[in-house]
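Chemist: Structure incoming, see below.
Coordinate-derived values only; no laboratory data. In this text, all values refer to a predicted model and were calculated from it rather than measured experimentally. Ideal geometry is used to build each Cβ from the backbone, glycine not excepted, and the neighbour counts take in all protein chains shown.
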């Protein structure tokens with residue numbers, strides 16, 4: 001007797017519905033793994049910081065990173081960095097470096113400042129590829145480094161193809 | 001090339017005052033790598049540097065990478081020392097430069 005179902009609509013050989021379902025479950029399991037497992041090629045944040053500070057461990061405090069905790073659109077995220085510094089010839093901020101460790105290019109920007117800035121206070125707009133920790137490292141003319149960071153949740157990430 | 005800059009700062013200041021300068025630039029800041037729909041990829045084309053020169057000295061410089069958004073906004077401060085032009089210069093991938101000036105009168 002002939003089947004009422006056209007042979008064209010048969011399941012492809014070797015890929016049963018059960019296999020598809022099982023594969024899907026496995027894929028979901030993979031996606032639920034911590035991000036480390038997926039992105040082995042990302043450099044750890046400590047390494048990124050050590051590279052720009054030439055190995056020195058930056059101190060906390062004296063620097064404020066103002067960034068929203070939740071952003072809808074990663075294509076433009078307002079950030080403001082303030083460093084407590086007298087900004088004199090002897091004691092000023094040399095530069096402020098911004099790092100996003102989950103961006104394809106983690107080094108986002110570097111602000112070069114000097115005593116003629118008067119205040120160490122800068123702001124800009126960033127592009128974030130994923131929810132992550134944004135870090136600001138400032139180099140002081142007295143030789144030390146200071147660091148501040150902020151966790152940001154990004155609802156719509158930048159770096160989607162075509163976006 | 002669509003480039004346009006809006007510089008917001010006070011027109012005059014007292015000597016020694018710290019003024020805030022806000023710069024909003026119109027630029028696509030193409031990070032590169034997207035498909036161009038014809039089998040290739042879009043090349044990177046961003047403004048990679050902004051410098052501000054005031055009374056004979058560079059007072060501010062921003063090195064930008066792809067992590068800076070399209071139509072970037074930047075704000076910074078400087079101490080008013082003498083009447084004169086503040087010269088802003090952007091450098092684009094490929095070597096093009098754009099220059100704008102803003103006049104500050106110091107009393």
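Chemist: For the stretch A:84-105, which residues satisfy the criterion of being within 21 Å of residue B:72 (Cα to Cα), in a loop (DSSP other than H, G, I, E, B) and more than 8 Å from every other protein chain (Cβ to nearest Cβ)?
Modeler: A:101, A:102
Chemist: Moving on. Among the residues of the stretch B:15-31, are any more than 28 Å from residue A:74 (Cβ to Cβ), part of a loop (DSSP other than H, G, I, E, B) and within 10 Å of another protein chain (Cβ to nearest Cβ)?
Modeler: yes
Chemist: Moving on to the next point. Just give me the residues in the stretch B:42-79 being free of Cβ contacts under 8 Å to residues at least 12 places away in the same chain and in contact with a strand residue (DSSP E or B) (Cβ under 6 Å, 6 or more places away or on another chain), in sequence order.
Modeler: B:58, B:67
Chemist: Name every residue in the stretch A:113-163 that is within 12 Å of another protein chain (Cβ to nearest Cβ), assigned to a strand (DSSP E or B) and farther than 30 Å from residue B:79 by Cβ, in order of residue number.
Modeler: Result: A:132, single match.
Chemist: Residue check: is residue B:88 under 13 Å from the mean Cα position of the chain (by Cα) and closer than 18 Å to residue A:76 by Cα? It would help to see each step written out before you state the result.
Modeler: Numbers: under 13 Å from the mean Cα position of the chain (by Cα): yes; closer than 18 Å to residue A:76 by Cα: no.
It is false that residue B:88 is under 13 Å from the mean Cα position of the chain (by Cα) and closer than 18 Å to residue A:76 by Cα.
Chemist: Let me ask you something else. Of everything in the stretch B:87-106, what is touching a residue at least 60 places away in the same chain (Cβ under 8 Å), touching a strand residue (DSSP E or B) at 6+ places or on another chain (Cβ under 8 Å) and surrounded by fewer than 14 Cβ atoms within 10 Å (Cβ to Cβ)? Give them in sequence order. Please lay out each step first, then the result.
Modeler: Restricting attention to the stretch B:87-106, the residues satisfying the condition of being touching a residue at least 60 places away in the same chain (Cβ under 8 Å) are B:88, B:90, B:92, B:96, B:98, B:100, B:102-106.
Filter again for touching a strand residue (DSSP E or B) at 6+ places or on another chain (Cβ under 8 Å), leaving B:88, B:90, B:92, B:98, B:100, B:102-106.
Residues satisfying the conditions are B:103, B:105.
Chemist: Looking at A:60, A:110, can you tell me which residue is within 11 Å of chain B (Cβ to nearest Cβ) and either in contact (Cβ under 8 Å) with a residue 12 or more places away in the chain or within 23 Å of residue B:69 (Cα to Cα) (or both)?
Modeler: Values: A:60 fails: within 11 Å of chain B (Cβ to nearest Cβ).
Exactly one residue qualifies, and that residue is A:110.
Chemist: Output the residues belonging to the stretch A:100-150 that are under 16 Å from residue A:61 (Cα atoms) and either surrounded by fewer than 20 Cβ atoms within 10 Å (Cβ to Cβ) or in contact with a helix residue (DSSP H, G or I) (Cβ under 9 Å, 6 or more places away or on another chain) (or both).
Modeler: A:135, A:137, A:139, A:142, A:143, A:144, A:145, A:147, A:149, A:150
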